[in-house]
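The structure under discussion appears below in the form of structure tokens.
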Amino acid sequence: MKEHIIFYSIVKKHFIELRRYLLNTLMSMGGVFILFMLVFFGLRSFDAGAETLQGTIVGFAMWIFAAMAYSEMSWGLLQEARDGTLEQLYLTPSTFKRISAYRVIASFIFQFMLFAAFLVIMMVVTGEYLILNPGVVVLVGLTLLSIYGIGYIMGGLSLVFKKVQAGNQILQFMFILFLVLPSITSHNIIYFTPITWGNVLINRMLVGGMSLLDFSLLDYSILLLNSFAYLFTGILIFSYLERVAKQRGLLGHY
Amino acid sequence: MISSLKVSSITYALKVDNLEKTYTQWRGEPTKAVDGVSFAMEEGEVVGFLGPNGAGKTTTIKCICGLVEPTAGKISIFGIDALKDTRKAVKNTSAVLEGNRNIYWRLTTRENLEFFAGLHGRSKKEVEPEIISLLERFDLVEKENAPARKLSRGMQQKLALGCALIRGTDFLLLDEPTLGLDVKTSKELRRFILKLAEEEGKTILLSSHDMNVVEEVCERVIIINKGKVLADDLVENLRNVFNVHLYEFIIKGKHRLQRIRDEHNVTDMRYVNGKTIMKVVLNDSNSFYELVDQLKEKNIELEKVKNLDTHMEEIFMNIIEENGVVK
């Protein structure tokens, strides 16, 4: 079976849709940018230090990235169910879980480009320059695995319950909490919540100037364990909810 | 249940064995949608799947393509256990389940075809001749680069069928493929489905409310109601079993014919241009001659009698109304 062709088809479709709706994408990014400016200049008016301001840039960019990654899994699935195409995605010699993973990879490629552009624009506009290190791709990728895990859970819930938008909104605010958690507490909880530890390492790299080699084995172990635990739990829960949806005949419904 | 189909040890394109599906809800009573459905299809067969709303057609079809998990029973597609090895079974299956909603409205006609081919592991290069052929056959060449949302409903429906075909499978499930189409497009699509079976040897299970579709396209029909198969036979055999003959009597003058209406199964009576046009169902030749004699007795001049064939619709209604108890 030619899995690479399936992967290529998913990625290609993703980019065609983005290109076709470029104006909409740019406008929503514009809205996010205005929100960022309000937060950033609000903080500056309180005489926040350079490190806090740079941390805000990284945290905000990570929040946007997480929200996009997560919505690809949950909102994207819901959209397919609503359009009537979800069942067609199940009619493939590959598996739906793989199809979902390919969609995630496709959106990651695009979102990373946006993330990078966003960082550069924010640095230019604010005059707060980060230490850009290509190794950040690895950290962002690993950090987002936990978000994809949560996305799988919400995607599974969407299959069964359909209307889970309220939960999506709550989660987006939760992501902010997870990102700012280290500045609120030094409790061990920061190793267990999704995205938090990854964001700490990304901050150390982009604000503190550390490289991938500077992190300890423990740093990586915490990140990997955290991310993969969320990802696998997400996939397991998704599998269970997918089965419930199949048992109740809910896949094609919206 | 009516059935005259021979059972042999051949490998069937599709074999459904004692399929059951009960939907359980968090609140409320469980609903039995499919209750012991069994049937088989040979390679290249086109079978009509008929039943009223809520009969269990769509649930059966979705169980076959792995979208609904059955409560009990077995399904095999080309000898592959579709419940145990869904991936392998699906490799040879494609379906049009929600008509024009089965395509991406944001993509163009060509992009849709390429995407669905890719979803089955077929490269653009490999399917290019098929895409060109499908565009031509479906009269979509001019709309090749138009977004699917801008196509007419008929074109979208054709594209949905095209997207199922481009997957290159031998087994095709079509759930209400002509629903909502105008007469012309429906006829075109029917002709195309017929060609698929005749020229390409596709095995097709087609569910429809439209009896004309089933009658024109299928050799064999399965009638299902309340989750049970009530009849499974060749259309021709069902016609013979019911032996229902519909006649149209064209009589000069305007007549009420009350006695005839009381004694025979008159389905329609109209007065057109000074003539009485009466449609009547007569089960045997005796009834026919009896009716002609009754007209003669009353000195009613008979202008013409037409024998209208028994239609699938009458057979279907007979079976459904008798709820499985077939004479």
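Quick look at the values:
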quantity: Total accessible area lost when A and B pair, probe 1.4 Å, Å² to nearest 100; calculated: 3500 Å²
quantity: Spacing of the two label points (7 Å from each Cα toward its C-beta) at B:Glu219 and A:Tyr240, in nm; calculated: 5.0 nm
quantity: When region A:75-215 is reduced to its Cα atoms, the Kirkwood hydrodynamic radius in Å; calculated: 17.2 Å
quantity: Projected area averaged over orientations for chain A, convex hull of C-alpha atoms, nm²; calculated: 14.4 nm²
quantity: Convex hull of Cα atoms in region B:120-213, direction-averaged projection (nm²); calculated: 6.3 nm²
quantity: Rounded FRET efficiency, nearest 0.05, which uses the C-beta distance separating B:Ala72 from A:Ile189 and R0 of 56 Å; calculated: 0.75
quantity: Binned Cα-Cα distance frequencies in region B:245-309 - 10 Å width, integer %; calculated: 22, 64, 14, 0
quantity: Where labels lie 7 Å past Cα in the beta-carbon direction, separation of B:Lys279 and B:Lys252 in nm; calculated: 2.6 nm
quantity: Dimensionless Rg ratio for the protein assembly as shown, taking C-alpha atoms and the 2.2 N^0.38 Å reference; calculated: 1.27
quantity: Per-selection metrics, region B:2-240 (Cα): Rg and Dmax in Å; calculated: 17.8, 52
quantity: B:Glu144-B:Val305 pseudo-label distance in nm [points 7 Å out on the Cα-to-Cβ vector]; calculated: 5.9 nm
quantity: Loop GluC sites (Glu not before Pro), region B:146-239, which have at most 13 other Cβ atoms in a 10 Å radius of their Cβ (DSSP); calculated: B:Glu219
quantity: Pairwise Cα inverse-distance average, inverted: Kirkwood Rh of region B:1-121 (Å); calculated: 16.3 Å
quantity: Chymotrypsin sites (Phe, Trp or Tyr not before Pro) within region B:26-79, DSSP loop, no more than 12 other Cβ atoms inside 10 Å; calculated: B:Trp26
quantity: Trypsin sites (Lys or Arg not before Pro) restricted to region B:77-139 and DSSP loop, no more than 13 other C-beta within 10 Å; calculated: B:Lys84
quantity: A:Phe232 accessible area, 1.4 Å probe, all protein chains in place, Å² to nearest 10; calculated: 120 Å²
quantity: Centroid-to-centroid separation of region B:38-57 and region A:1-54 [C-alpha atoms, Å]; calculated: 49 Å
quantity: 30 Å Cα-Cα threshold exceeded, pairs from A:Lys2/B:Lys15; B:Lys21/B:Lys125; A:Lys13/A:Lys246; B:Lys143/B:Lys202; calculated: B:Lys21/B:Lys125
quantity: Candidate lysines - alpha carbon under 27 Å from B:Lys254, same-chain residues fewer than 8 apart omitted; calculated: B:Lys275, B:Lys279, B:Lys296, B:Lys298, B:Lys304, B:Lys306
quantity: Extension gain (nm, one decimal) between A:Ile121 and A:Phe161, 0.36 nm per residue minus Cα-Cα; calculated: 10.5 nm
quantity: Accessible surface, per residue, of chain A when the full set of protein chains is kept, probe 1.4 Å, Å²; calculated: 45 Å²
quantity: Structure-based [θ]222 nm, the protein assembly as shown - -39500 (n - 2.57) summed over DSSP H runs of at least 4, per residue, nearest 500; calculated: -18000 deg cm²/dmol
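The values are calculated or read from the model by the stated rules, or taken from the named source; none is laboratory data. Computed from a prediction, not measured in an experiment: that's the story for all the values here. Because the Cβ atoms are built from the backbone with ideal geometry, glycine has one as well, and the counts that use them run over all protein chains shown. For accessibility, only protein heavy atoms count, side chains too; no ligands or nucleic acids. Shrake-Rupley method; radii C 1.70, N 1.55, O 1.52, S 1.80 Å.
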